[in-house]
Structures are given as C-alpha cells and as structure tokens.
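Participant: I'd like to ask you about the structure that follows.
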C-alpha cells in the first residue's frame, strides 16, 4: 500500500476518488461496470490503478453531462473492450438526439410566433372535407366557439379536432343544454399550437407533452422563460459533448500508447 507514486505511477482507489470528490466504493463500482479498465492487484489482493485508469475516470466524468450516465457508461465500456467503433456510434446517436431536440425547440418557438389562423396546407396538415358533424358548423356560443368554426379557421376537419380531444391535445367543455363541444380561449390556443406542430411534421405523441407544458406554464407568455431555459440547457449539452470528446480522445491516445508499450 505504500507505493512510490512518482516512480511506479501506481494509484490506490482513494487516490482516484479524492481528485473528483468520489467515494472509493464509487471507483470500485466504476471498475466493475467496465467504465475503468480492470485494476491490478498487489500480492495481498489490494486494487492498484495507474494514470490510464485516472484518464478513463476523467473521460467518463466529462462524458456524463453531455451524454447522460447510461450512454457514457456504454461508451467507456465499449472503448475498454476494444470496440471503439461502437463507442463512436453511441456518440453519434447522442449528437443526433441533440439535433432532434434543437429542431423540436425551433418548431415550438416557430409555432408560438405563428399562432394565427391559417388555411395553408403543409406536411402533417389534414385537408378540410365533408364529414358527418352532429354539432353546429357555423356558430359560436357564449364564452367559446363550437367545433365547426374552429375547424374552419384552422383548415382542418372537425373529425381531426375530435381525434385531438381523444389524445388530450384539446379539452373542450360540453354545453350543459346541448352537449355540444365548446372551445374556450385556452382550447383555441392549444388547437392552434397543435396545428402548427402537425404542419411541421410532428406526431401527436410528440406534441402532447409540449401542450402540457403550455398549460402548466399558464399560457404562452410564461413559457418564454421555459424556452429560454431549454435553449440554455441544449447549449450546455453541446459544450459538454465537446469537453467529453476532448477527454475521451486523450484517453484513447493514452490507451494506444499503453498498448504499444506493452508489446
């Protein structure tokens, strides 16, 4: 246990742990998970690590903020097993996910800017056409609008609004006398937002959580703060991926040098 660290570069679990505010058990867990290469052992069975293990730990901890714990673990495990191409594939998938998240944010921001009645068709839009409607098609009631006028303003079928209601995108109340659907201001807002996102090619299951966020924020204006935060978190993820890539590249170089020295 009393190795000269300067001469043989051997490190104890506590030496790795201290530099990152970790427990020695966490270091052992990382080794067992394949995040670190297998440790050496002293004649008495104690684990010993080297600068290579320290590099692996730095790479893993740098990868986590950008890729998440699970993906970072899989990346390091693949590298330590010699499956570097698999590690690169996992990294590529993370970048694709980040790009998708950016596009989703841009679609939401665009939808919020363009929340105006429109009849322009596009990807994901459904064209108006004949449909069996048992509710008024051209009148509004007190405190809201009926399904026909709203469908007409959006340029969609009333059946589409009924479908959106079944999936929770809109939640109109029912007129107590007639049983007709009545869409209030918030319902119209949700329908317009759903329509804009459908035109952008988004699926209903992708739209639903965004509508829920608008409702939780109490409307569109409070959502601006959430969008600002969302944008910041995406930027932070992108920068974290760059940092993780630099540390992983350093670890890959050290692994290659270590392998060459062992030959």
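Participant: Does anything in region 18-62 have its amide N under 13 Å from the 7 Å Cα→Cβ label point of residue 261, and if so which residues?
Facilitator: Taking a point 7 Å out along Cα→Cβ of residue 261, the residues of region 18-62 whose backbone N falls under 13 Å are 50-55.
Participant: Let me ask another. To the nearest µm²/s, what D does Stokes-Einstein give for region 154-220 at 25 °C and 0.890 mPa s, using the Kirkwood radius over alpha carbon pairs as Rh?
Facilitator: 200 µm²/s
Participant: How many percent of all Cα-Cα pairs in region 141-263 sit more than 20 Å apart?
Facilitator: 59 percent
Participant: Within 10 Å, count the other beta carbons around each residue, average over each peptide in 99-105, 182-188, and list them highest first.
Facilitator: 182-188, 99-105
FYI, it's all coordinate maths here, none of it is from the lab. Because the structure is predicted, anything quoted here is derived from the model rather than measured. Glycine also receives a Cβ, built like all others from the backbone with ideal geometry; neighbour counts cover every protein chain displayed.
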